[in-house]
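Written out below as structure tokens is the structure these notes cover.
The values are calculated or read from the model by the stated rules, or taken from the named source; none is laboratory data. All values reported here derive from a predicted model rather than from experimental measurement. Heads up, the Cβs are rebuilt from the backbone with ideal geometry, glycines too, and the neighbour counts pull from every protein chain shown. Accessible surface is based on the protein model in full, side chains and every heavy atom, while ligands, DNA and RNA are left aside. Shrake-Rupley method; radii C 1.70, N 1.55, O 1.52, S 1.80 Å.
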Amino acid sequence: MNTLTMATQDPVRVAIDYLLAHGGFLSLLGMPAVLAIISFAYRILHLRHNRQPHTYGRTNTIYWPTQIFISLASLALIVLAISQCSGDAPSLGLVPAALLMLVAWSTALVLNKKEHAYEVRSSDYLFAYFFVTIATSLLSLYILNDHALPSEDDLGVIASYISAYHTLSAFTLLIAAAFAVESFPRSGTQVQIRAREKQHLSDFELANAFSRITFHYIHSIITLGARRPLKATDIESTMLPDLHTKVNYDRVGASWEKSKAKAAQFGKAPSYLFAVLRAYRAKIAVGVSLRLMGFAIGFLPTVLFSQLLKFIRDYSDAVHGGTGLPPPIHVGLLIAAGMFLSNMTASLLAAAALQTTTEVGCQARAATVALIYAKALKLSPAARQKSTLGEITNHMAVDAEKMIIASNFMPLIFTIPFEFGISMYLLYRLLGWSSCTGLVVFAIITPIQAKMGAFLNGFANTRLEYMDERIRLLTEILSNIKIVKLYGWEDAFRTKVEEIRAKELVALKWLATIRALLTIVFSSVTLLMALATFSVYATVGGPNMTPGKITSEVIFVSITLFGMMSKPLGMITHMVSQTIGVLVGCRRIQGFLLMEEIDSSVVLRYSRQVPSGNSPTIAVEIQNGAFAWEQQKEETTRSTETDDENQPLLAGAASPTVYRPTLNNINIRITDGSLTAVVGRIGQGKSSLLGAIMGEMYKLQGTVKVFGDIAYVPQQAWIINATLKDNILFGKPYDQEKYDHIVFASGLVPDFAMLPAGDQTEIGERGINLSGGQKQRVSLARAAYQDADVYLLDDPLSAVDAHVDQHLWSNLVGPNGMLSNKTRILVTHGIHHLEHVDQILVSKDGLISEAEHYDELMAANGAFYQLIKEYSVGQKKKKARNDEDKNKVGESDSEDDSARNTIVATEETAKKDDDDEDDANGELVSDEKMVDGKVSWKILMVYARAVSLPKAIFCIFMFIAGQAVHISTNLWLRKWINDTEESERTDSTLHPVSYYLLGYGGLVLLFMFFDVLINYVSEVICGIQGSKVLFNQLLNRIFRLPMSFFDTTPMGRIVNRFSSDIDSIDEQLPEEFNDLFAFMSIIGGALFLVAYSTPTFLIMIPPLGIVYFFIQDYFIKCSASLKRLYSVSKSPLYQHFSESLAGVSTIRVMRGLQAQSLAQNQARADTVANRMYVYNLANRWLQVRVELLSSLIVFLSAALSVLKAGELEPTLVAVALSYSITMQGFINYLIRTVNEVQNILVSVERVQEYSEKPMEAPAVTGVPLSESWPQQGRVVFKNYSARYREGLDLVIKDASFEVKPAEKVGIVGRTGAGKSSLTLALFRIIEAADSYWSIASDPSMEGKQVDYEMFHSGNGNGGSIEIDGVDISTLGLRDLRRHLAIIPQDPTLFAGTVRENLDPFNEVSDADLWEALERAHLKSYISSLAGGLSYEVAQNGENFSVGQRSLVCLARALLRKTKVLILDEATAAVDVETDDLIQKTIRKEFKDRTILTIAHRIKTVMDSDKILVLEKGQVEEFESPSRLLKKPESLFYSLAQQAGEI
């Protein structure tokens, strides 16, 4: 028998002969079959014993074809074995291999049957064996065809091998057919449809192995996204079980608790990052392993490239030099094919690794957001002072977000050394010890990188601190934007934001500079390493320290390896930056998670006691209690002067006085079912008492016991952005009868009738479209619906009018109300209900000074007696009429006012529901706007203009020039090689080595210079400039937007733009644009070289280009939709978080609300996680397809070089192929970067969207106005009409009246009458109907032009308002608002000093400030604070009581020397005594000013010069109160009668 032939010059034959000599086909085909048999048997047993059949049926269109093809393939194996047994040729192990395969595929028939019965997707076991069988069968066919042929005269052996070849071919085709059928997607089959419906399986769980590897299961969404903009419902089926927030919250939470426990043992701080890494260590290990495998296989193309260059060199020498026979062409083609396959395998592994680590990032982010939210609900009072809403939102929006990005970069800590090590090993084999020179260069560079990294860390921390401060301030401003506008403080607050932003930009500039320098170091380091290595190699790198031989294989394979090293080394910058970012973020999150939590053991909670005998049961008991809003610090002595009833003084405020608790020596017993009233002046500890009962304060001593569930109604009603019904139910099951009863008792029936969609009307953020009284009644209804045992009511009746007050008392709160069998503790500033309560607690200086029944307190003739006698006007009249009122008031709310028994003065704040402002369906806040399709060129130009076009063009030019220099370095090396070879052939003199090294070194230094310039200009100059311009445009526009925008836009959406979107523009966009231009220049240069060296390749560029652009365009449409969906999904998360923090006390105290809120947060976080997951899946889909095409380019370049090997210059081919291999990765990076730029430009688009919103009227006009205007204070309304938005009904209708100078006018009217709308009109918060600015500033006019001539034609038909003869519509808003004064219903303080809260423009002397505080009855209190006027006010003024905030607003009005003052229910939150003081101050200090007053307490307006009665937006009465009181039929008369004033 003839032996197998072998061509010594063919390495492929060497490898195959080795295989045939060591088992032959038995090793190639039989060993996989043995492994398959074992695996199949295990799988069958596993399904039988551990799984249940799914009962969804069987997909016969896939099952039967697969079974038939496998059966036919098994028959082919039988034929193969029989034919070889009876043939003349040696089997080379083919017979036993065929028999083993027969057993394996017979077992596969059984397994396939079981898989269809137990699983709804194809078997991974079968998929793997299909793939292995096809691969080994094809290799076997190649061996049989080309390597196993004996000499020509043995015809029997030849016939036997031919028969085996044909039979094995048939087997391979049948298995391939079965594989194709089995790989067919099953998403449309009945089995998977039923499984999806019943088991809620995701697309990934239903996808087969092929679909998972290639990410084909996301293809349907990509296709849909290319056809039309994606909707949220399109991607709901993609959510993986592992991505659910609850799962990850539990996992990371458990790991965090372990870390805390372990750290506590050693007295160290726990690491949150370590806790996260430990929670996902298994998945991280899989991701890193896949990356390492991918990178290892990724080096095979370079090894094969060396063989390819040797092949081309040998072929060229054989053809041109006559050195022998050229090597076979198929060898070169196999090398090219090997490069293609290894590239594709590496790409698939890299994509799988990237997806795995990205999923870890998504999981970690979801868990972190949930942990932050859960922690925020547990913060102690002191911790809440230290962490503002803006800071905590930043933890969610920025710090947690970094985990997703860092998840892709942190594994580089392991993979970069691995890649670097393989590169150095291959370089060592190529260049010997000379390669170590490169290590020396790297060792010199590393300390520089470490130092730069330390700087990065510091500036990253600084930048985030400023960002926190900026977001905190913006959040506070946006929360109180109406107050900012009313006071005309936009400029002051904008300046404060800009000052913080300027500091942030300085830190950002240093951050970008260091990052640019790091990029410079590592993009050029491989050139420096190559320069140093070639210098040593060319001089002493050969044997025995002789000069090394310069060849194309040595130089260009080395260049390729150095180029491959440039990727990991270049990524060091990003890796360090992102790792530092996540370290900083995790430390910040860690600090937050370690903050002090509220002590749940402060209050002992028991179930409601069952009455036994005649002894009363206790509902609330406090024994010897002392409570404070802040903890006592041992190292310092501080005072919390307890004129503060809500929050303590700031922790940083030092005081020489001795620490004193807010409440002291508290001993109370409240019986079950009783009604207890808590009274006292503002700041005396009334609300703090409720806080102590709820466990919201620090307990210094004593015990607190509560028997039963608690419901809490805060002083400032907590309303969420939902329907009215949802605000009442608040997660409780709907009970029609109970609901109707509560709605009636809460006095909401007439409100439901008035609202456009009844209880389905959507309520805006913070209840913006409800009046103060409506919000309070909704809050009461919610508490009642909770069906608790103990009700804590913090002055809920102060915000409602007299008749509503009586209705609530009679039907809900009072002795005969529906809560009469519940325990009620009512904090109240009113005194007219006190005689009907069971017990009165008098709070004074943090003590309960008196605690008795009303009659007993009156008999004692103490302070309480004096208060009642002095301030209870008409007490006897009211008492005599009490029964009558009880009968009337329930009817008067719902009846038409023709009966004249209806009380007309009702509560109203500046609100939008004065008329039917909402749409007919009750929706107020619409879904966030999303632009369809790709980001337009217009947005790109917006960013280019922000950067400045000349700078952008200069950057592009520098990138092209830099790449030209980079190419020149390799062309210079080519010249060196050609000169060396020419010298060897002609025996001519070669230039000295120094000539080539100096030329190469000069080009390297020139490239580094360009690199320095490019990175600095693109990231530092252009990037910072673009960020600055876009931020300023957004900030300026936000301050100039009309109030209607803020009423209908959740604050979370605006904050999202100032946090996430601006952060993307600040950091990501400059980096991505830098990468984009770099990749474009690299690829352009590579294509030029490939086309120049192999002109035939030019034919392939058009079709490949078309395919690339098709994929990119196809993908980007979908990607843009996904990015937008992801961006808008974050706003509801932040909004819910903001709402939860506003009502955190309510959430904590009411049973079940904490778990409900956590579930709602997790549901929103799930939406964010799913959309981010799908977005990343789409990127992996793109990556696999682009890298397939990139591998195809390398294959075509290599194959064309092989086919033209005899015609091409080897060194030029070496340069071109070197660049094509390097280009492969950059093409993928380019398309991903183009996509990433598109997606980040969505942030620019979102910022630009708000930067183009219609503005309100100008801040300044050309109308001259003296500083003393208005000098008289005459206010004239002339046929004035107004509406809140175009298309809505008028809220003020043809109002005409005149307020004379220094006249005091009281304004009354029912809910929706237009009282507050009238005051808003004075400040031009709303404009005259159909006037130019009412139309031009309307949201519906976005992008439209308005005829300016309307402005000159009498303000449309909306009339006018004149102050001292000046039409206010001709004035700038700043001029107008700063010349008027207002004390609003919701008193607002801002974070900053007391001085800044009184005088933000720093225009008033300290003496004047103290004088104003003295007149406002605050001087003694402010003087007692550490720092006095410099005392720091907490966010939203939380360290001042509501009453104290009202007095600060009074001081502001005193400072503003204006002739017109508006009081918008300004004393609703203060006690009657303080109210009287304020009224006396107003009468004394504002005696020469015009005053317009809206008030609930009729006594407040009884001494007015005139009363203005509004009804449905129209002026009904305008006369002096004395004249109106003489008319029993007047509306005002009925009001005064109800209030007991007559």
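Observations on the structure shown:
- Residue count, the stretch 358-370 (criterion: within 26 Å of F299 (Cα to Cα) and open to solvent by 10 Å² or more (accessible area, probe 1.4 Å)): 0
- When the residues of the stretch 667-697 are filtered to those that are more than 23 Å from D1476 (Cβ to Cβ) and touching a helix residue (DSSP H, G or I) at 6+ places or on another chain (Cβ under 7 Å), the one that is surrounded by the fewest Cβ atoms within 10 Å (Cβ to Cβ) is M694.
- Cross-chain or 6+ apart pairs with Cβ under 7 Å, the stretch 408-426 first and within 16 Å of V288 (Cα to Cα) and acidic (D, E), then open to solvent by 30 Å² or more (accessible area, probe 1.4 Å) and not in a loop (DSSP other than H, G, I, E, B): E419/F295
- Among the conditions (1) among the polar types (S, T, N, Q); (2) within 23 Å of F959 (Cα to Cα); (3) open to solvent by less than 10 Å² (accessible area, probe 1.4 Å), the only one that Q1068 does not satisfy is (3).
- Where a residue in the stretch 1130-1150 is under 15 Å from F730 (Cβ atoms) and its partner, wherever it lies, is of a type in the set (V, I, T) and assigned to a helix (DSSP H, G or I), with Cβ under 7 Å and at least six apart: S1140/I1147
- Subset of the stretch 200-215 that is open to solvent by 70 Å² or more (accessible area, probe 1.4 Å) and touching a residue at least 12 places away in the same chain (Cβ under 8 Å) - its residue that is nearest to A1120 (Cα to Cα): I213
- None of S810, S843, S798, S820 is assigned to a loop (DSSP other than H, G, I, E, B) and touching a residue at least 24 places away in the same chain (Cβ under 8 Å) except S820.
- When residues of the stretch 1244-1291 are limited to those that are in contact with a Lys or Arg (Cβ under 8 Å, 6 or more places away or on another chain) and not in a loop (DSSP other than H, G, I, E, B), the one nearest to L1510 (Cα to Cα): S1281
- Beta carbons closer than 9 Å, at least 6 apart along the sequence or on distinct chains, pair a first residue in the stretch 260-275 that is more than 21 Å from V582 (Cβ to Cβ) and of a type in the set (K, R) with a second that is surrounded by 11 or more Cβ atoms within 10 Å (Cβ to Cβ) and at pLDDT 90 or above for K262/P270.
- Hits in the stretch 169-195 - residues which are among the charged types (D, E, K, R) and out of contact with any helix residue (DSSP H, G or I) (no Cβ under 7 Å at 6 or more places or on another chain): R194
- Residue, nearest to Y785 (Cα to Cα), within the stretch 1142-1169, restricted to residues that are assigned to a helix (DSSP H, G or I) and among the charged types (D, E, K, R): R1148
- Test: residue in the stretch 547-569 that is in contact with a Lys or Arg (Cβ under 9 Å, 6 or more places away or on another chain) and surrounded by fewer than 22 Cβ atoms within 10 Å (Cβ to Cβ): yes
- Any helices (runs of 4 or more DSSP H) falling wholly within the stretch 1379-1484 and containing at least 1 residues that are aromatic (F, W, Y), open to solvent by 10 Å² or more (accessible area, probe 1.4 Å) and farther than 26 Å from Q776 by Cβ: 1406-1415, 1419-1424
- Residue within the stretch 1170-1179 that is aliphatic (A, V, I, L, M), open to solvent by 20 Å² or more (accessible area, probe 1.4 Å), modelled with pLDDT of 80 or more and touching a Ser or Thr at 6+ places or on another chain (Cβ under 6 Å) present: no
- Pairs linking a residue in the stretch 50-78 that is over 13 Å from L102 (Cα atoms) to a residue that is open to solvent by less than 40 Å² (accessible area, probe 1.4 Å) and of a type in the set (D, E, K, R), with Cβ atoms under 7 Å and 6 or more positions apart or on different chains, are T59/R186; I62/E182; I62/R186; T66/E182.
- Which numbered condition A450 misses (of (1) open to solvent by 40 Å² or more (accessible area, probe 1.4 Å); (2) at pLDDT 85 or above): (2)
- Residue tally, condition touching an Asp or Glu at 6+ places or on another chain (Cβ under 8 Å) and either modelled with pLDDT under 85 or not hydroxyl-bearing (S, T, Y) (or both), over the stretch 326-349: 6
- Residues within the stretch 1488-1527 that are modelled with pLDDT under 85 and open to solvent by 10 Å² or more (accessible area, probe 1.4 Å), tallied: 9
- Helices (runs of 4 or more DSSP H) enclosed by the stretch 389-434 - at least 2 residues per element that are open to solvent by 40 Å² or more (accessible area, probe 1.4 Å), out of contact with any strand residue (DSSP E or B) (no Cβ under 9 Å at 6 or more places or on another chain) and at pLDDT 85 or above: 412-431
- Residue in the stretch 222-278 that is farthest from the chain's Cα centre (by Cα), counting only those that are of a type in the set (F, W, Y) and surrounded by fewer than 19 Cβ atoms within 10 Å (Cβ to Cβ): F266
- Complete set of residues in the stretch 1143-1166 that are buried (at least 18 other Cβ atoms within 10 Å of the Cβ) and charged (D, E, K, R): R1148, R1164, D1166
- Checked against (1) open to solvent by less than 20 Å² (accessible area, probe 1.4 Å); (2) of a type outside the set (D, E, K, R); (3) in contact with a Phe, Trp or Tyr (Cβ under 9 Å, 6 or more places away or on another chain), F1010 passes all but a single condition, namely (1).
- Qualifying position, being under 27 Å from G846 (Cα atoms), in contact with a helix residue (DSSP H, G or I) (Cβ under 9 Å, 6 or more places away or on another chain), modelled with pLDDT of 85 or more and among the aliphatic types (A, V, I, L, M), among A1451, A1468: A1451
- Residue that is open to solvent by 30 Å² or more (accessible area, probe 1.4 Å) and under 30 Å from V942 (Cα atoms), where the choices are P1254, P1258: P1258
- Restricting the first member to the stretch 713-731 and to residues that are within 16 Å of T1048 (Cα to Cα) and acidic (D, E), and the second to residues that are open to solvent by 30 Å² or more (accessible area, probe 1.4 Å) and at pLDDT 90 or above, no beta-carbon pair is closer than 9 Å while six or more apart or on different chains.
- Among residues of the stretch 698-724, those that are in contact with an Asp or Glu (Cβ under 7 Å, 6 or more places away or on another chain), open to solvent by less than 20 Å² (accessible area, probe 1.4 Å) and closer than 20 Å to E1438 by Cα, counted: 2
- When P611 is tested against the conditions (1) touching a Ser or Thr at 6+ places or on another chain (Cβ under 9 Å); (2) modelled with pLDDT under 70; (3) more than 19 Å from K844 (Cα to Cα), the lone failure is (2).
- Against the numbered list (1) modelled with pLDDT under 90; (2) assigned to a helix (DSSP H, G or I); (3) open to solvent by 40 Å² or more (accessible area, probe 1.4 Å), T323 comes up short only at (2).
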